[in-house]
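Peer 1: Below is the structure I would like to discuss, written out as structure tokens.
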Amino acid sequence: MRCKGFWLGAYGLIALSGAARADPLPPDPPGTDLLLLRRQIAQERSAVEAQQHALDAQRQRLNLLEDALLDRMRAEGLPMTAPLLPIVEGSQFVGNQPPAPEVGIRPPESDTTPRVAVLADQGGILSRPRRLVIEPSVEYIRSDRNRFVFRGIEIPQSVLVGVFDINESRQDILTAAATARLGLTNRLEISARLPWVYRRDTAVLVPLVQNPPQSGAGTIDTSTHGSGLGDIELQARYQLTDGHNGWPYMIAGLQLIAPTGSDPFGLRRDALGNAEKSATGSGFWGIQPSLTLLMPSDPATLFGVLGYTHNFGRNVDTRIGDAQIDRVEPGGAPNATIGIGLSLNPRLSMSFAYAHNWQFATKSRIRPISIMNGVETMGAPITSKTRDLQIGRLLMGISYRATQRTTLDWIVEVGATDDAADLRTTLRVPFVIK
């Protein structure tokens, strides 16, 4: 019985296994693996997008923090020209420190505004809102003019036979000025300049002397000086572009020159018409629109200025010698400057530039006065016109950051054309009040 039961159980197992082989489980529906892969890809893509959104939000928060830091650095007068570096609390910058603040250069993609303030007359980036900067300065100008006019015959060994006219003039001008700049908004700045001028003029004229000279006969030697308030300058500047997408920073400016200095046509004169003192002002109102362009290119900043000065003519009604001057109309003056600023180290920077002014001719309406038998006769009015002046200058500026709020700027200009002053040098010390 036990043997029979064993064989019956074995047979049943074989039968069940055969039934299993005869009727297998149904396979998975087609495309299940593809659906699973697509589902996994969608999940991974969603995760990546979520991470990207988180990175964008974090980057935006970082930009806000950097902007806040840059605003604080501007307020403190700190340099803002190098990429932001990690700062350990209680320590200074490490590694590559930022260059000097006055010739600031950051890569074009940066949001930090460059500064080219060494050459003050060329303009720069505006002051931040509610920031007041006081800038005392001292300027010295030296001009020498020598003119020799000969009418006659020249024979070998430079012997001159005829008449000649020698005119030598020297001019020294020392100006102490105070300039105040105030930022009204992120894009608008106003400034005012109040100058005090000391001027000394020396001239030697030898008119139509026969050859050989008669021991200085006919020589006129004059020397005058004057001091006082100069012409006050008011200026407003507005930033047009932010330097994004490869564009340069563009700043539009408008300057007004008020004739607050002593009028050259109102000075006392001797019988020959020579002034008894030197004037400290031009005597004319002037207005000067300008456009400044700054292009950062680490570690330098290229800059250029285009401008035009318009002087308003006026009736002067002044007698000088044997002429009655009714009206004077100074010519306009287009001008252009191009240069480069370089940062040498965290405190020292330099700028080099060339500036050129084309001063158009001045027109005057004059009536000659003739005296016959003690009777003065006024002639018919005539128009007198001077020649155009080409004033070219080579400029070099050095800026040294003494403290976080104070900078020393020294500028030297050398005349490159005959009409330009021989030398002009300026020392400026801008410092932040608030």
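The numbers here are math on the coordinates, done by the rules we state, and not lab data. If you're wondering where the values come from, they're calculated on a predicted model, not measured in any experiment. All Cβ positions, even for glycine, are placed from backbone atoms using ideal geometry, and neighbour counts span all protein chains on display.
Peer 1: Rounded to whole Å and sorted largest first, list the principal axis extents of the Cα atoms in segment 272-390.
Peer 2: The Cα atoms of segment 272-390 stretch 76, 26, 21 Å along their principal axes.
Peer 1: Let me ask something else. Would you mind ranking R59, R131, R367 by Cβ crowding within 10 Å, fewest neighbours first? If you can, show how the numbers build up before the last one.
Peer 2: Numbers: R59 10, R131 18, R367 14.
The order, fewest Cβ neighbours first, is R59, R367, R131.
Peer 1: Would you calculate the separation in nanometres between label points at I340 and W410, each defined as 7 Å from the Cα along the Cα-to-beta-carbon direction?
Peer 2: Going from the I340 label point to the W410 one covers 2.3 nm.
Peer 1: Per residue and in cubic angstrom, what volume does the convex hull of the Cα atoms of segment 240-337 have?
Peer 2: Values: hull volume 12.1 nm³, N = 98.
Hull volume normalised by residue count: 123 Å³.
Peer 1: Quick check: pseudo-label points 7 Å beyond the Cα along Cα→Cβ at Y354 and S282, how many nm apart are they?
Peer 2: In this crude label model, Y354 to S282 measures out at 2.5 nm.
Peer 1: Give me the number: length gained by fully extending L174 to L55, i.e. 0.36 nm times residue separation minus the C-alpha to C-alpha distance, one decimal in nm. Present the calculation step by step, with values, prior to reporting the outcome.
Peer 2: Details: separation 119, 0.36 × 119 = 42.84 nm, distance 5.93 nm.
Answer, rounded to one decimal: 36.9 nm.
Peer 1: Give me the number: length gained by fully extending T241 to Y140, i.e. 0.36 nm times residue separation minus the C-alpha to C-alpha distance, one decimal in nm. It would help to have the intermediate numbers written out before the result.
Peer 2: Details: separation 101, 0.36 × 101 = 36.36 nm, distance 3.51 nm.
Full extension from T241 to Y140 adds 32.8 nm.
Peer 1: Could you calculate the contour length gain from T260 to E376, that is, 0.36 nm times the residue separation minus the distance between their Cα atoms, to one decimal place in nm? Walk me through the intermediate numbers first.
Peer 2: Working: separation 116, 0.36 × 116 = 41.76 nm, distance 3.43 nm.
Going from the current span to full extension adds 38.3 nm.
Peer 1: Once the mean 1/r over all distinct Cα pairs of segment 394-434 is inverted, what Kirkwood radius in angstroms do you read off?
Peer 2: Numbers: mean 1/r = 0.0865 Å⁻¹.
Hydrodynamic radius (Kirkwood, Cα pairs) of segment 394-434 is 11.6 Å.
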